[in-house]
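K.L.:
One structure, as structure tokens, below. Some questions next.
The values are calculated or read from the model by the stated rules, or taken from the named source; none is laboratory data. Everything quoted here is computed from the prediction, not taken from an experiment. Cβ placement follows ideal geometry from the backbone for every residue including glycine, while neighbour counts extend to all protein chains displayed. Each accessible area value is taken on the protein alone, full model and side chains, heavy atoms only, with ligands, DNA and RNA left out. Shrake-Rupley method; radii C 1.70, N 1.55, O 1.52, S 1.80 Å.
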Amino acid sequence: MALLSISNLVLSFGDERILDGVNLTLNAGEHVGLVGRNGCGKSTLMKLILGTAGLKHDAGQVQVARGASVGYLTQDFQLDDALTLREEAGKAFAELAELHRQLDDLSHRMAEAEGDALERLLKDYERIEQQMQAAGGYAVDHQIDATLHGLGLTDEFFHVRVRDLSGGQKGRLALAKLLLSSPDILLLDEPTNHLDIAGRQWLEEYLATYRGAVMLISHDRWLLDRAVTKIYELEAGQLVEYPGNYQKYRVLRAERFEAQQRAFDKQQTKIRHEQQFIDRYRAGQRAKQAQGREKRLERFKESQLLDRPVELDVMNLRLTVTNRAGDLVLTADAIKKGYEGKPLFGPLSITIKRGDRIGIIGPNGAGKSTLVRCLLGEQPTDVGHAKVGAQVSIGHYRQTHEHLDLDQTVIDFLHRQMPEGSEQSARDLAGAFLFSGQEQDKPLRVLSGGERSRAVLAALVSGGHNLLVLDEPTNHLDIPSAERLEEALRRYAAPAKGWGDNVAGGGTLIVITHDRMLLQNLADQLLILDGRGNVRHFHGTYSDLLEADRGAAAPPAPRDGDKAARDRERASRADRASTKDAADTPSRKRPHSNLKTEQLEQKIVDLEKKLAQVDEQLADPDVYRDPSRVRELQQKRGQLADKLTPLEEEWISRAESQ
């Protein structure tokens, strides 16, 4: 069933055509990604779907199915500053709160009613209770808490006023409210902007089982690989559809470009041969034939001429090492650091050698940037000491650009980073990073986040550093630019090859990032901060870490013959499933009370076996390459768990009554 239909949508801002005949259909349960260059109109398309006031398309239609709700994660958060974080999150269930109020009112009236009046009130009570159960019933408190926790908003912030939250916390609260409202069509515009890796993992798992339709704009390639089954690319004002996840999109897009290039080349060859014939025989005995072919060629050009396929420009990024560093680039001996009595990390001892590729990850506020500054000697440690090795030249890309003189122009900034270069060299470098013409003379202050990031990266290129320390380098980059940066960094940190000015590789890399794809493709060692003062040094890639953590977290399954262990596990799960609210609901006949104990236990054993089989499949890393398969398995697991819970509760009830 189509929840959203867009046909021939056209929108212009002045003389600039933003959308030029966009067509799209979004079905119930379909999860799609929307990609394209920064500024190409992705967010504008979402606002048109939502029907944002003051924004109207020039032509075409946007149709949302009757009765379907649409939720949009806006960058301008609509929050009540006077409420606490927990109160604001609870507003997602305003309808349910009203039903609770009506039930309380009916309860008071029933206490005083008799006869027919009581019967009518009982029917009203039952009707409203059914509505309440359909809307989430008594489980919403747990749902609110779980969603806030999943997005990194812990209990300590629940009673903080919204006005006192940071921008990142407000962003996560707005996302939590949207997810809790469970709209039929979920429009997410860069939902991972304020999320650390744990929050991104939680969102990924949440979307995998979300039953509504989802349209996702994101620079997080890892998320796009696992949360969507179709990619729409907005290119030159039109949508191009690619089935599959992000990796499949990259393959299909490259194949499409090659096919377009072959068709264009073939057509140009045909036109060239025709033109050669026309030019050769324009005069002479075959002039009439040449004139006829010339007319046919003109008609062909008017009706069938193909445009040359064009790949949009990306940064010309090549990172080189001017001088080779010594074998030991950085060393740290039992360093520790805290802030206002709170431990950030330590003790940490590490030796970083030339050619190492280190990724640093952890929750927001865990001290990742502080750790880097301590390693570089820019900030003192509380305990221990760190040392920079011999002949190490450091290029440091900071997460914020507050250290820059924002009044200087792009060209002045780059020229200062190239003391031996001419102004023309600086302009050539700026051009390689997509600053053309008057853009080169703009002050840094007026640039967007992505443009300023490109300027700083250009400065790093000119430095020839043998150690690069990058703090969230892809934050403001679109996907093509992030992929070009990743490719350049991979070559930079590869073993050195060549001689003289043709040397490639040989650099050392330290990257702080929440970009899991960048982390996976670059780092072969990880420093993991947990936000509680601990730091872990892991040798391996990000995928290796996930596999290791999954293995460590999986509890040993009870042996088939160990009935006592099975009983303890069953009782533990049943206890976790029961909630206070469920205990407060009126007592009713249990749904499985008519089963014999032997039948009850057999059903439990069968369901536990099926759950174990699903868990075994979910533990296989290869499964996560197919998002639809992951969703299918997670939905199946949820259905099995829902069937198992009442059986376990019945078993516990009988055990306690004996």
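K.L.:
The conditions are (1) in contact (Cβ under 8 Å) with a residue 60 or more places away in the chain; (2) open to solvent by 20 Å² or more (accessible area, probe 1.4 Å); (3) out of contact with any Pro (no Cβ under 6 Å at 6 or more places or on another chain), and R226 fails exactly one of them. Which is it?
P.N.:
(3)
K.L.:
Test E298 against the criterion of being touching a Lys or Arg at 6+ places or on another chain (Cβ under 9 Å), charged (D, E, K, R) and either under 30 Å from A236 (Cα atoms) or surrounded by 14 or more Cβ atoms within 10 Å (Cβ to Cβ) (or both), and give yes or no.
P.N.:
Answer is no for this residue.
K.L.:
Sticking with this one: Picking from D515, D544, D524, which residue would you name as being at pLDDT 90 or above, under 21 Å from the mean Cα position of the chain (by Cα) and open to solvent by 40 Å² or more (accessible area, probe 1.4 Å)?
P.N.:
D544
Every residue, every condition in (1) farther than 20 Å from D141 by Cβ; (2) open to solvent by 30 Å² or more (accessible area, probe 1.4 Å), yes or no:
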{"residue": "H159", "(1), (2)": "no, yes"}
{"residue": "R163", "(1), (2)": "yes, yes"}
{"residue": "K170", "(1), (2)": "yes, yes"}
{"residue": "I231", "(1), (2)": "yes, no"}
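K.L.:
Of everything in segment 324-345, what is farther than 30 Å from A496 by Cα and either crowded, with 16+ Cβ neighbours inside 10 Å or in contact (Cβ under 8 Å) with a residue 60 or more places away in the chain (or both)? Give them in sequence order.
P.N.:
Those that are farther than 30 Å from A496 by Cα and either crowded, with 16+ Cβ neighbours inside 10 Å or in contact (Cβ under 8 Å) with a residue 60 or more places away in the chain (or both): I335, K336, K337, G338, K342, P343, L344, F345.
K.L.:
Another question, then. Which condition number does L186 fail, the rest of (1) in contact (Cβ under 8 Å) with a residue 24 or more places away in the chain; (2) in a helix (DSSP H, G or I); (3) within 27 Å of I49 (Cα to Cα) being met?
P.N.:
Tallying (1) in contact (Cβ under 8 Å) with a residue 24 or more places away in the chain; (2) in a helix (DSSP H, G or I); (3) within 27 Å of I49 (Cα to Cα), L186 fails exactly one: (2).
K.L.:
Name the one entry in G41, G21, G60, G36 that is in contact with a helix residue (DSSP H, G or I) (Cβ under 8 Å, 6 or more places away or on another chain) and open to solvent by less than 60 Å² (accessible area, probe 1.4 Å).
P.N.:
G36
K.L.:
Looking at segment 445-457, I want the residues that are closer than 15 Å to R37 by Cβ and in a helix (DSSP H, G or I) and have a partner that is open to solvent by less than 10 Å² (accessible area, probe 1.4 Å) and not acidic (D, E) with Cβ atoms under 7 Å, at least 6 apart or on another chain. Which pairs are those?
P.N.:
Qualifying pairs under 7 Å: G450/L477; S453/L477; R454/M315; R454/F433.
K.L.:
Here is a follow-up. Count, please, the residues in segment 150-178 that happen to be without any contact (Cβ under 8 Å) to a residue 60 or more places away in the chain and under 23 Å from G71 (Cβ atoms).
P.N.:
Residues meeting the conditions: 4.
K.L.:
For segment 366-393, which positions are open to solvent by 60 Å² or more (accessible area, probe 1.4 Å) and either closer than 14 Å to D471 by Cα or among the hydroxyl-bearing types (S, T, Y) (or both)?
P.N.:
Answer for segment 366-393, where residues must be open to solvent by 60 Å² or more (accessible area, probe 1.4 Å) and either closer than 14 Å to D471 by Cα or among the hydroxyl-bearing types (S, T, Y) (or both): just R373.
K.L.:
From the list H403, H396, pick out the single residue that is open to solvent by 40 Å² or more (accessible area, probe 1.4 Å) and not basic (K, R).
P.N.:
H403
K.L.:
I would also like to ask the following. Go through the residues of segment 414-431 one by one and say whether even a single one is in contact with a Pro (Cβ under 6 Å, 6 or more places away or on another chain), open to solvent by 30 Å² or more (accessible area, probe 1.4 Å) and over 26 Å from H539 (Cα atoms).
P.N.:
There is no residue in segment 414-431 that is in contact with a Pro (Cβ under 6 Å, 6 or more places away or on another chain), open to solvent by 30 Å² or more (accessible area, probe 1.4 Å) and over 26 Å from H539 (Cα atoms).
K.L.:
May I pose another question? Restricting to segment 98-121, what's the tally of residues that are out of contact with any helix residue (DSSP H, G or I) (no Cβ under 7 Å at 6 or more places or on another chain) and open to solvent by 60 Å² or more (accessible area, probe 1.4 Å)?
P.N.:
11
K.L.:
Which pairs do you get when a residue that is assigned to a helix (DSSP H, G or I), found in segment 515-530, comes within reach of a residue that is hydroxyl-bearing (S, T, Y) and open to solvent by less than 10 Å² (accessible area, probe 1.4 Å), reach meaning Cβ atoms under 7 angstrom, with the pair 6+ apart or on two chains?
P.N.:
Correct list of pairs: R516/Y542; L519/T513; L519/Y542; Q520/Y542.
K.L.:
Looking only at segment 616-635, decide whether some residue is in contact with a helix residue (DSSP H, G or I) (Cβ under 6 Å, 6 or more places away or on another chain), closer than 24 Å to G551 by Cβ, at pLDDT 80 or above and among the charged types (D, E, K, R).
P.N.:
no
K.L.:
When you look at D141, is it in contact with a strand residue (DSSP E or B) (Cβ under 9 Å, 6 or more places away or on another chain), touching a residue at least 40 places away in the same chain (Cβ under 8 Å) and not hydrophobic (A, V, I, L, M, F, W, C), yes or no?
P.N.:
No; evaluated as a whole, the condition is false for this residue.
K.L.:
Out of the residues in segment 244-255 that are touching a strand residue (DSSP E or B) at 6+ places or on another chain (Cβ under 8 Å) and assigned to a helix (DSSP H, G or I), state the one that is nearest to M517 (Cα to Cα).
P.N.:
Y246
K.L.:
I'm trying to understand the selection: among the residues of segment 432-467, which are in contact with a helix residue (DSSP H, G or I) (Cβ under 7 Å, 6 or more places away or on another chain), buried (at least 18 other Cβ atoms within 10 Å of the Cβ) and among the basic types (K, R)?
P.N.:
R452
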